[in-house]
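Taking it in order: structure first as structure tokens, then the write-up.
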Amino acid sequence: MERTDVAVIGGGQSGLATAHALLRHGLRPLVLEACGRAAGSWPRYYDSLTLFSPARYSSLPAMPFPGADRDRYPHRDEVIAYLIAYAARLDTEIRTGCRVSAVHRTGDGFEVELQGGERLSARAVVAASGTFGHPHRPALRGLEEFAGQVLHAADYRSPAPFAGRRVVVVGAGNSAVQIAAELAQAADVTLATRAPVKFAAQRVLGRDLHWWLTRTGLDAAPLGRLLSRPPAQPVLDDGRYRAVLAAGRPERRPLFARAEGAKLTWQDGKREEVDAIVLATGYRPDLPYLAGLDGALDAVGNPRHREGVATEVPGLAFVGLEWQRSLSSNSLRGVGRDAEQIARRLAAYLARR
């Protein structure tokens, strides 16, 4: 059976940052990426997606984001190209099209089972598979029987298929507002939220918000340990999204009370026919391969960890979780810090063994 120091599950930004950090600490990682290229979930995000952080704050360790304009907000396709280039520079093996189906504990580490039956042995495992493969679908009354189209933001690409249709977008985060505003240029759109949308200014006193977060130290502050659950993030806005909501394109309403057939009933009792519902309701950790590893996950499938180190399974770690250590843990600019800490702790653990 093939053996490796550390199996890194996931070849997106979290897995690549982890591989870089492990190499710095003298370990040989094997990166296992389910998709056909080492770019994580980025190729599957909607077409118009741009980063909320400027290029200068959107880099993995040891490789600045390219381009002369360091203050621009990179497009999705720029991020994909950047990650592929980063992977090519890493002096380690990255296997694409390689999906992990299970991880088992063994006497001297772990056995990693791949889809198709192949197995390999690892002294340690880092779960860096992100959340995109596990879209959250809230339990909304009547939604399962809704006769119209229901899709998650993970399956949304562009407004073209919705032109001229009646669409309701559910959610109050960045993606929900971006998608609703984009759709409203081609369709009749309502943004349905449980509470009013909260905004944060993209620029403060002439500086991007990320400049302030970095300068004050808040971006890297280890606040994750203080949180029982990740807080809701405000929508970063340069003024355009406030403007379109104020103009009613899209309009915002409180979340509908129920769905019946192809109709929605709103909180005020009004009923109307709707063609499609887009759930921009976030994601959950995508860790099905750890379901059979005793102690790795809690009863609802969330990882049991402290700042990314598994609390019940020695030699297992996580990278890329939301608020794993800090505000920026699940981002290009912050994941490298978490990966470095995990690599250092795994190196010490393996040295003791």
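The values are calculated or read from the model by the stated rules, or taken from the named source; none is laboratory data. Fair warning: this is a prediction, and the values are worked out from it, not measured in the lab. Quick reminder, even Gly has a Cβ in these numbers, built from the backbone with ideal geometry, and neighbours come from all protein chains shown. Ligands, DNA and RNA are stripped out before the accessible areas are found, and what is left, the full protein with its side chains, is counted by its heavy atoms. Shrake-Rupley method; radii C 1.70, N 1.55, O 1.52, S 1.80 Å.
The residues of the range 3-33 that are closer than 15 Å to L120 by Cβ and in a loop (DSSP other than H, G, I, E, B), listed by number, are R28, E33.
Looking across the range 212-257, the residues that are without any contact (Cβ under 8 Å) to a residue 40 or more places away in the chain and within 18 Å of V167 (Cα to Cα) come down to A247, G248. Quick one: is D77 within 30 Å of A201 (Cβ to Cβ), modelled with pLDDT of 95 or more, outside any helix (DSSP H, G or I) and not polar (S, T, N, Q)? Against the criterion (within 30 Å of A201 (Cβ to Cβ), modelled with pLDDT of 95 or more, outside any helix (DSSP H, G or I) and not polar (S, T, N, Q)), D77 does not qualify. For A154, the criteria (1) open to solvent by less than 50 Å² (accessible area, probe 1.4 Å); (2) assigned to a loop (DSSP other than H, G, I, E, B); (3) closer than 23 Å to S53 by Cβ hold in every case but one, which is (2). For the range 78-94, the tally of residues that are in contact (Cβ under 8 Å) with a residue 60 or more places away in the chain and exposed (fewer than 14 other Cβ atoms within 10 Å of the Cβ) stands at 2.
Within the range 297-319, the residues that satisfy the criterion of being more than 21 Å from the chain's Cα centre (by Cα) and buried (at least 18 other Cβ atoms within 10 Å of the Cβ) are V313, G315.
Against the test of being of a type in the set (D, E), open to solvent by less than 40 Å² (accessible area, probe 1.4 Å) and over 18 Å from R225 (Cβ atoms), the options D286, D294 yield a single qualifying residue, D286.
Pairs are defined by a Cβ separation below 6 Å, a sequence spacing of at least 6 or placement on different chains, a first member in the range 1-30 that is closer than 19 Å to L114 by Cβ and at pLDDT 95 or above, and a second member that is open to solvent by 40 Å² or more (accessible area, probe 1.4 Å) and among the charged types (D, E, K, R); the pairs so defined are D5/R28; D5/R123; L30/E93. Selection over the range 119-133 of residues that are part of a loop (DSSP other than H, G, I, E, B), at pLDDT 95 or above and either surrounded by fewer than 18 Cβ atoms within 10 Å (Cβ to Cβ) or not polar (S, T, N, Q) (or both) gives a count of 1. Restricted to strands (runs of 3 or more DSSP E) entirely inside the range 250-353, those with at least 2 residues that are closer than 19 Å to L16 by Cα are 316-318.
Counting only residues that are open to solvent by less than 90 Å² (accessible area, probe 1.4 Å), in contact with a helix residue (DSSP H, G or I) (Cβ under 9 Å, 6 or more places away or on another chain) and assigned to a helix (DSSP H, G or I), the range 228-248 holds 3 of them.
The single condition among (1) surrounded by fewer than 22 Cβ atoms within 10 Å (Cβ to Cβ); (2) under 15 Å from V150 (Cα atoms) that G164 does not satisfy is (2). Against the criterion of being closer than 18 Å to L236 by Cα, at pLDDT 95 or above and not aliphatic (A, V, I, L, M), F199 qualifies.
Working only within the range 160-208, note down all residues that are under 12 Å from R253 (Cα atoms), of a type in the set (A, V, I, L, M, F, W, C) and part of a loop (DSSP other than H, G, I, E, B).
First pass over the range 160-208, keeping only residues under 12 Å from R253 (Cα atoms): 168-172, 189-197.
From the residues that got through so far, the ones that are of a type in the set (A, V, I, L, M, F, W, C) too are 168-170, 172, 189, 191-192, 195, 197.
Passing the criteria: A172, A195, V197.
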